[in-house]
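The values are calculated or read from the model by the stated rules, or taken from the named source; none is laboratory data. From a predicted model like this one, the values you see are computed outputs, not experimental measurements. When we count neighbours, we look across all protein chains shown, and the Cβ atoms used for this are built from the backbone with ideal geometry, even at glycine. Please note that ligands, DNA and RNA were not included when accessible areas were found on the heavy atoms of the full protein model with its side chains. Shrake-Rupley method; radii C 1.70, N 1.55, O 1.52, S 1.80 Å.
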Amino acid sequence: MTHPIADLEAFIDRHPRLLVLTGAGCSTDSGIPDYRDADGAWKRKPPVTFQAFTGNDTTRRRYWARSLVGWRYFGMAEPNATHRALARLEEHGKVSRLVTQNVDRLHQKAGSRDVVDLHGRLDIVRCLACRHSLGRDGFQAELEALNPDWVSLDALRAPDGDADLEGLDFDAFAIPPCPHCGGMLKPDVVFFGENIPRPWVDDAQAGLDAADAVLVVGSSLMVYSGYRIVLQAARRGLPVAALNLGRTRADELLSLKVEAPCGEGLAFLMN
Ligand SMILES: [Zn+2]
């Protein structure tokens, strides 16, 4: 039941105000791995939960040790053809809002302006106590200065700026506290088990209110935040198209499904 790319082109032509919803499949060509396979199942160990991060000292140290290694490539990732095609779509006035589940800021780097980072952004670190925020690059320098022995480690890339480090003494890893109040710092992303801040949900909602259709790009919609947007669209009678390799949780709600790599599926936007 997959359609040819020409049908996607016609769908985009027919609907001048698209809410675009993007996921990990947009960023794999930028060297950022995704969590799920073509059936939407976990390819790897699920990410750390908010409860484990805040409640367990060793878990938190392991998170930041892996992140120290992972950030070296994640922080340098560049936009790919998919990000550029969607920025072009916005330039043509066809996007009511771009809502992304990605935390890599690559849509903004490619030139998209009206973006909702539904799951937050990894380039910012925030204090859980006083909400003070700092840039990840500066924080990275601090992490490296405090943990010189860890700087030379290399590991396999994992999603969300994570890296596969195991079997080390994580209790030896030092985490700097909030420079403002001494509180616990956390990347400014929504962890599993954590609620999405209300303003971000409202922002996505406003995009849907202004849309005449929804275009899903590179998401299996397994995470409820994205699935909910498609559910709402379907309830309002808005048509939904998806460009994704493999199945999505909302397949039965789609008006159009194209199974192709994101960059290939949107290449017509660059012509
Ligand atoms: Zn603080």
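Is one or more of the residues making up segment 6-23 in contact (Cβ under 8 Å) with a residue 40 or more places away in the chain, in a helix (DSSP H, G or I) and of a type in the set (S, T, N, Q)? The answer is no, given that none of the residues of segment 6-23 is in contact (Cβ under 8 Å) with a residue 40 or more places away in the chain, in a helix (DSSP H, G or I) and of a type in the set (S, T, N, Q).
Comparison of Arg61, Arg36 shows that the only residue that is in contact (Cβ under 8 Å) with a residue 12 or more places away in the chain, of a type in the set (D, E, K, R) and closer than 25 Å to Asp117 by Cβ is Arg36.
Candidates are the residues of segment 167-199 that are of a type in the set (A, V, I, L, M, F, W, C), out of contact with any strand residue (DSSP E or B) (no Cβ under 6 Å at 6 or more places or on another chain) and open to solvent by 30 Å² or more (accessible area, probe 1.4 Å); the one that is nearest to Arg97 (Cα to Cα) is Ile196.
The residues of segment 71-89 that are touching a residue at least 60 places away in the same chain (Cβ under 8 Å), under 24 Å from Val116 (Cβ atoms) and either open to solvent by less than 30 Å² (accessible area, probe 1.4 Å) or not aliphatic (A, V, I, L, M) (or both), listed by number, are Trp71, Phe74, Gly75, Asn80, Thr82, Arg84, Ala85, Leu86, Arg88, Leu89.
Of everything in segment 115-161 that is over 30 Å from Gln205 (Cβ atoms) and within 16 Å of the ligand (Cβ to nearest atom), the residue that is least open to solvent (accessible area, probe 1.4 Å) is Phe139.
Output the strands (runs of 3 or more DSSP E) that fall wholly within segment 111-210 and possess 3 or more residues being within 16 Å of the chain's Cα centre (by Cα) and touching a residue at least 12 places away in the same chain (Cβ under 8 Å), or say none.
Hits in segment 111-210: 115-117, 120-127, 185-189.
If a residue has to be outside any loop (DSSP other than H, G, I, E, B) and open to solvent by less than 30 Å² (accessible area, probe 1.4 Å) to count, how many in segment 24-59 make the cut? Matching residues across segment 24-59 total 5. In segment 231-253, the qualifying residues are those that are assigned to a loop (DSSP other than H, G, I, E, B) and open to solvent by 50 Å² or more (accessible area, probe 1.4 Å), and the one that is nearest to Gly265 (Cα to Cα) is Leu245.
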